[in-house]
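**Student:** The following block contains the structure, expressed as structure tokens.
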Amino acid sequence: MPNEKKYWIGFNLVRGIGSVRFQQILSHFGDLSLAWQAPAEAFSEAGLPTRALDNLLRLREETDLDALYDSILERDIQVLTLLDEDYPPLLKQIDQAPPVLYVRGRLLPSDDFAVAMVGTRRISAYGQQITRDTSLYLAGHGLTIVSGLARGVDALAHQSALQAGGRTIAVLGSGVDVIYPPEHRQLAEAIIAQGAIISDYPLGTQPEGVNFPPRNRIISGLSLATVVVEAGERSGALITADFAVEQGRDVFAVPGNILSPVSKGTNRLIQKGAYALVSPQDVLDVLDLSQVEDYKEARQALPADTTEAKILQFMDYEPVHVDEICNAVGLAVEKVTAALTMMELKGLVQHVGGMRYAAVREINRK
């Protein structure tokens, strides 16, 4: 898959090829490496519009995919595609999930327990208190806080999650190498250290206005529920709430002063059926997540994906070298070592030195 990823990156660069056309190309050619080499007429047969085809042909001539992919890895940026086992499962469930994600930091299985917190940039003192209290409480109870790194509610939600010692994910409307707003660069670095910054936009993409509604769709898609703290009648936070509803996720809105412009949107959401958030505990109760730490511990006792399952099936209590594991399971060394690192954190294996690992307890290896 690492060599395949460069083609996913290549098609992701092409203006006019979004998730729908991405899937069209994949279905038509069956393999993106073949598609990248295909003649122009083959794309016409696949239904690619003329403008998108022109963009593709020009970019294909100008781009060295090997050099581009190497430069991304050198910057410690992870690329996830829809075919990757560690692509966020909640996001994969939505219609037209983004084919490619760029990640700075690290996404963990525990991030499946995530709640989005969004709202106005012109946050009131009341909104600040609610945002801080809710984010601290949810992060303190093991939930990952997802938001958009914007001024106001977003930034405060991220900061409070970090303050609680919890995890937080920022979804950008730009490339992950373009932090916006620029005054949040220090916050972004803290998020990378204690969570992740992600985007489906190629590196170097600037934060244009049209990028933010699709960004909001990813915020809700990563989350079990969306909490709207404060929002005007035309706030982008309401777009996130609409996406959450389309995705079958719960929406919470904080009731506010009916005379306040920043509460008109949230009060309207409640009128339309959103849960009125009167306590952070409401989120845990509605989602039945009061025992989220117990859920996490139970999940850690089992392999998270087929890679971990293959490794566990081969391993025993006698230490084995990484090379032996790679040969036995038929996977590349970088994939095996990455899985072993995660499995060690979960208490499934232990590193005994010299690149040798052993299972640490009995696991069901059906």
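The values are calculated or read from the model by the stated rules, or taken from the named source; none is laboratory data. Note that the structure is a prediction, hence the values are computed from the model and not measured. Reconstructed Cβ throughout: ideal geometry from the backbone, glycine too, with neighbour counts over all protein chains shown.
**Student:** Being surrounded by 18 or more Cβ atoms within 10 Å (Cβ to Cβ) and outside any loop (DSSP other than H, G, I, E, B) is the filter here, so list the residues in the range 74-95 that pass it.
**Tutor:** Residues satisfying the conditions are GLN78, VAL79, LEU80, THR81, LEU90, LEU91.
**Student:** So which residues in the range 125-137 are buried (at least 20 other Cβ atoms within 10 Å of the Cβ) and either touching a Cys at 6+ places or on another chain (Cβ under 6 Å) or more than 10 Å from SER160 (Cα to Cα) (or both), if there are any at all?
**Tutor:** Within the range 125-137, GLY127, ILE130 qualify.
**Student:** Only residues that are surrounded by fewer than 16 Cβ atoms within 10 Å (Cβ to Cβ) and not in a loop (DSSP other than H, G, I, E, B): list them for the range 1-27, please.
**Tutor:** So in the range 1-27, the residues surrounded by fewer than 16 Cβ atoms within 10 Å (Cβ to Cβ) come out as 1-4, 15-16, 20, 23-24, 27.
Of everything in the range 1-27, those that are surrounded by fewer than 16 Cβ atoms within 10 Å (Cβ to Cβ) and not in a loop (DSSP other than H, G, I, E, B) turn out to be PRO2, ASN3, GLU4, VAL20, GLN23, GLN24, SER27.
**Student:** Can you pull out the residues in the range 38-62 that are assigned to a helix (DSSP H, G or I), more than 15 Å from ASN12 (Cα to Cα) and in contact with a helix residue (DSSP H, G or I) (Cβ under 9 Å, 6 or more places away or on another chain)?
**Tutor:** ALA40, ALA42, PHE43, SER44, GLU45, THR50
**Student:** Please go through (1) assigned to a helix (DSSP H, G or I); (2) over 20 Å from the mean Cα position of the chain (by Cα); (3) of a type in the set (A, V, I, L, M, F, W, C); (4) modelled with pLDDT under 95 for LEU269 and return the number of the only condition it doesn't satisfy.
**Tutor:** Failed condition: (4).
**Student:** Among ALA150, ALA116, ALA157, which is the only one that is touching a Ser or Thr at 6+ places or on another chain (Cβ under 6 Å), in the same structural domain as ILE191 (by TED's automatic domain parsing), buried (at least 17 other Cβ atoms within 10 Å of the Cβ) and under 29 Å from PHE22 (Cβ atoms)?
**Tutor:** Numbers: ALA150 fails: touching a Ser or Thr at 6+ places or on another chain (Cβ under 6 Å); ALA157 fails: under 29 Å from PHE22 (Cβ atoms).
Just one listed residue meets the conditions, ALA116.
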